Amino acid sequence: MTESSPLAELPVVLRRTLAVALLVFAVTMVWQLVVAPLSGLWTFQDDWRTRVRITLARDRGWVESEPAWRSQEALVRQSPVWQRFISASAGVAPGASVQRRVTELLEGIAVPEVEVQATQIQDGLAAYPVRMRASLSIDQLKNLLLACHGPGMYLRVAHLTVSAPQSQLPQDNTRVQATLDLVGYSRRGPV
């Protein structure tokens with residue numbers, strides 16, 4: 001008796017069904033063991049080539065644009081805008097410099113309250129906020145806001161709150177209570 005004899009004794013329909021099932025199994029195994037890994041390898045190679053092409057193009061672009069960036073950087077370094085930043089003097093904290101500048105701007109205004117806030121880092125610059133509270137006229141407030149952007153240290157108005165009386169005479173320059181958050185900036189590192 002041979003090994004094929006038990007199969008030969010099976011009905012024809014069952015033998016044909018077994019043959020089709022074995023054929024489907026063989027095709028599935030060939031697909032899973034040969035075709036799928038090869039297609040995965042092909043896809044991986046294609047993705048790798050695309051990434052390398054993009055990286056090379058980006059690197060070439062950086063190399064080609066470097067001289068333009070270097071000349072632009074030199075122009076930025078020579079720009080007068082850097083003179084408007086806080087320059088830290090020896091032994092003087094930058095926050096104290098901002099407080100002194102705000103106090104200078106408030107000369108002649110009745111007893112302002114100036115308070116240095118916590119230092120923050122904003123967009124690569126060190127920010128030194130100062131909160132000022134004072135009672136002043138609208139003209140004085142206008143002059144103060146204009147002086148913040150005038151010559152000397154640049155002070156950004158971060159927040160302004162004004163409390164005015166409910167009623168006033170048109171010819172009267174009534175005093176208002178103002179709370180003003182000003183921010184002075186200094187560079188972080190060499191520019």
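Annotations
- Per residue of the chain, the DSSP helices (runs of n ≥ 4 H) give a summed -39500 (n - 2.57) that works out to -15500 deg cm²/dmol at 222 nm.
- For the stretch 1-154, a/c is not less than 1.5, where a ≥ b ≥ c are the root eigenvalues of the C-alpha gyration tensor, and a/b tops b/c. That puts it in the prolate class.
- Neighbours of V176 by Cβ distance under 14 Å: Lys/Arg scored +1, Asp/Glu scored -1, total +1.
- Net charge of Cβ neighbours under 14 Å - reference L56; Lys, Arg +1; Asp, Glu -1: +3
- Here T28 and S5 are evaluated by their C-beta separation; at R0 = 41 Å the FRET efficiency comes out at 0.90.
- Net +/- balance of residues flanking S79 in space, Cβ distance below 14 Å, scoring K and R +1, D and E -1: +2
- C-alpha long axis of helix 36-78 to longest principal axis of the chain, angle in °: 20 degrees
- Cα-centre dipole for the chain with unit charges at Cβ (Lys and Arg positive, Asp and Glu negative), debye to 20: 280 debye
- Around the Cα centre of the stretch 26-126, unit charges on the Cβ atoms of Lys, Arg, Asp and Glu (plus for the first two, minus for the last two) sum to a dipole of about 420 debye.
- H159/S79 FRET efficiency (R0 22 Å; Cβ-Cβ; nearest 0.05): 0.20
- Spin-label model, A21/R60: points 7 Å from Cα along the beta carbon direction are separated by 5.9 nm.
- To the nearest ten degrees, helix 138-148 and the longest principal axis of the Cα atoms of the chain are 60 degrees apart.
- Here S71 and D46 are evaluated by their C-beta separation; at R0 = 35 Å the FRET efficiency comes out at 0.35.
- A full extension of the chain between S135 and R100 corresponds to an added length of 10.7 nm, given 0.36 nm per residue minus the alpha carbon distance.
- When the Cα positions of V27, Y128, F85 are compared along the charge dipole of the chain, F85 comes out farthest toward the positive end, with charges on each C-beta of Lys, Arg, Asp and Glu.
- Across the stretch 16-21, coupling constants 3J(HN,Hα) worked out from phi with the 6.51/-1.76/1.60 Karplus curve, θ = phi - 60°, read 5, 5, 4, 5, 5, 5 Hz, and Gly and Pro carry x.
Since every read-out is calculated from the coordinates, none of them should be taken as a lab result. Since the structure is predicted, the reported quantities are computational estimates derived from the model, not experimental observations. Note: ideal-geometry Cβ built from the backbone for every residue, glycine included; neighbour counts use all protein chains shown.
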